[in-house]
Amino acid sequence: MQYYLAPLEGITGYVYRNAYEKVFHNVDKYFTPFLSPTKNKKLTSREKNDVLPEHNKGMYVVPQILTNCAEHFLDTVIQLKAFGYQEVNLNLGCPSGTVVTKKKGAGFLSDPAMLDEFLDEIFRGSQIKISVKTRLGMESIEEFPRLMEIFNRYPMEELIVHPRVQKDFYKNVPQYECYEWAMKESVNPLCYNGDIFGVDSFERCLNRFPKQKVWMLGRGIIGNPGLIGEIKDNQPPTIEQLKQFHDEIYGGYEVIMSGERNVLFKMKELWFYMGNLFEDSKKELKQIKKATKAVEYKTAVNTLFREKNLKEKREWNMAKGGNDGD
């Protein structure tokens, strides 16, 4: 089995990836939050920092690109190849309205002819491997066979399928029967992505797709960084591991960000997901959320790690929210 970390904007940047690799070390591929190239042909400083080789040592990292312009895609590939990258990923899955209206992400799926022309150009012009992350279509699963016909024309490193359409966002049940169909029809290797929030949901997917060997997890890992260890070895995370992981991320943000308020803002984003790990932790999580100074934040966090136990069932609660990463 192979396990990938899905990108989550604002969370899974290089600080998070390095902390995860140091503490848990069980992800086979890390996908970056998307790069969005423009006509100036340059990565932003934030994008460049996220993909610099010195910020991604010892990991197999795949930069994800969000664009509908083949020229912009290929210009970005040239820059990434110069950094030593062996693979890039095309984002055809992001359901965000601001992305879709520009016919990017899942919005690109609405124009199969344009998508086909784009794929033809990037696969002819790229000097490194290309994988694709997609949804089933914009409005209806009936769009998927046409899209699969197009995908099958190109030698993808792999096709990562999130079995929902764009209008679903992250609601409703994934269309598992569509993924079963894709396993029969795709000429490219497949990776499954979507709604793996704990061991139980992973096992349900595995029972449904017993031949599936490659899995992309997003919010499930953010909510429980020990999830892959539980899946692979039946080993739940320890309090000590989670505390070390938290401290690595906090320390990383302290280095690259100015002002403790900015660091606290980033850490509170993380606790939106990780807060579901602990029993009877409402008071401490409220204190974390209200903290305006580092000393207040650290006091609340230390109390949480020192006094609270992990829940027996560590299944991330989708109802809490989250709009990316799966």
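Residue 52 meets the conditions (1) touching a Ser or Thr at 6+ places or on another chain (Cβ under 9 Å); (2) at pLDDT 95 or above; (3) not small (Gly, Ala, Ser) in every case but one. The failed one is (1). Screening 24, 83, 34 for residues that are open to solvent by 20 Å² or more (accessible area, probe 1.4 Å) and either without any contact (Cβ under 8 Å) to a residue 12 or more places away in the chain or under 13 Å from the mean Cα position of the chain (by Cα) (or both) leaves exactly one candidate, 34.
Against the definition (within 21 Å of residue 249 (Cβ to Cβ) and surrounded by fewer than 20 Cβ atoms within 10 Å (Cβ to Cβ)), how does residue 49 come out, yes or no?
Working: within 21 Å of residue 249 (Cβ to Cβ): yes; surrounded by fewer than 20 Cβ atoms within 10 Å (Cβ to Cβ): yes.
Answer is yes for this residue.
Determine which member of the set 180, 121 is free of Cβ contacts under 8 Å to residues at least 40 places away in the same chain, assigned to a helix (DSSP H, G or I) and open to solvent by 40 Å² or more (accessible area, probe 1.4 Å). Spell out how you get there, then give the answer.
Numbers: 121 fails: free of Cβ contacts under 8 Å to residues at least 40 places away in the same chain.
Matching residue, one of 180, 121: 180.
Looking only at segment 101-110, residues that are more than 10 Å from residue 137 (Cα to Cα) and either free of Cβ contacts under 8 Å to residues at least 12 places away in the same chain or open to solvent by less than 20 Å² (accessible area, probe 1.4 Å) (or both) come to 2 in all.
Among the residues of segment 197-211, is there at least one that is among the hydroxyl-bearing types (Ser, Thr, Tyr), part of a helix (DSSP H, G or I), under 18 Å from residue 7 (Cβ atoms) and in contact (Cβ under 8 Å) with a residue 24 or more places away in the chain?
Step one: filter segment 197-211 for residues among the hydroxyl-bearing types (Ser, Thr, Tyr), giving 201.
Still in the list and also part of a helix (DSSP H, G or I): 201.
If we keep only those that are under 18 Å from residue 7 (Cβ atoms) as well, we get none.
The answer is no; no qualifying residue exists.
If you go through segment 6-20 and pick out every residue that is closer than 20 Å to residue 197 by Cα and open to solvent by 30 Å² or more (accessible area, probe 1.4 Å), you end up with 1. Among the criteria (1) over 16 Å from residue 273 (Cα atoms); (2) out of contact with any Leu (no Cβ under 9 Å at 6 or more places or on another chain); (3) open to solvent by 10 Å² or more (accessible area, probe 1.4 Å); (4) not charged (D, E, K, R), the one residue 188 does not fulfil is (2). Annotation: of all residues in segment 133-163 being part of a loop (DSSP other than H, G, I, E, B) and touching a residue at least 60 places away in the same chain (Cβ under 8 Å), the one that is surrounded by the most Cβ atoms within 10 Å (Cβ to Cβ) is 162.
The values are calculated or read from the model by the stated rules, or taken from the named source; none is laboratory data. Because the structure is a prediction, the values reported are computed rather than measured. A quick note on method: Cβ atoms are made from the backbone with ideal geometry, for glycine too, and the neighbour counts reach across all protein chains shown. Calculation scope for accessible area: heavy atoms of the full protein, side chains included, ligands and nucleic acids excluded. Shrake-Rupley method; radii C 1.70, N 1.55, O 1.52, S 1.80 Å.
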